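Reviewing the structure listed below.
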Amino acid sequence: MSNQSRPSNLQKRETEHPTLKSTTEKISSSQAYHLFFSCPFAGLCWTKISFNWDLTLNLEDRILQGINDIGLDFSMEAAMIAAWELWKICNDRVFSRGNLTVSRWFCNFTNQCLLHTVRFKADLRSAFCSWLDAFC
């Protein structure tokens, strides 16, 4: 059986999710928009870490404004880690039938942040950890 005729994991499980497809397929901009911004679950996650996105702006301006609004030296790193953890938890939901909970996302986000702190200078590491502790 060729790879093209094999059913994807989504088809095997008869699981449908409007924003996620097989990892071999590209995600469309509208799907990415939903996954990271308009999805209610994503909104709860961003709110948990005090990121507020202006959904009327285009993607680049939205990210720049969101990063500037936080006003911390590590805002971009925090946003990238948060987005990565959103991606991972939603994939887990689709492929492993994991639960989507903000507490689970935040635990993953916190752990990933702590892994990233090893590359920060001491003063930035301290500020980053203090910022992170404020949400616990």
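Laid out as a table, the results:
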quantity: Net dipole in debye of segment 28-133 [+1 Lys, Arg Cβ; -1 Asp, Glu Cβ; about Cα centre; nearest 20]; calculated: 460
quantity: Where the Cα pairs of segment 28-133 fall when distances are cut into 5 Å bins, in %; calculated: 2, 12, 23, 24, 19, 13, 6, 1, 0
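Laboratory data are not the source of any read-out in this text; all were calculated from the coordinates shown. Keep in mind it's a predicted model, so treat the numbers as computed, not measured. Don't worry about glycine lacking a Cβ; one is built from the backbone with ideal geometry, like all the others, and counts go over all protein chains shown.
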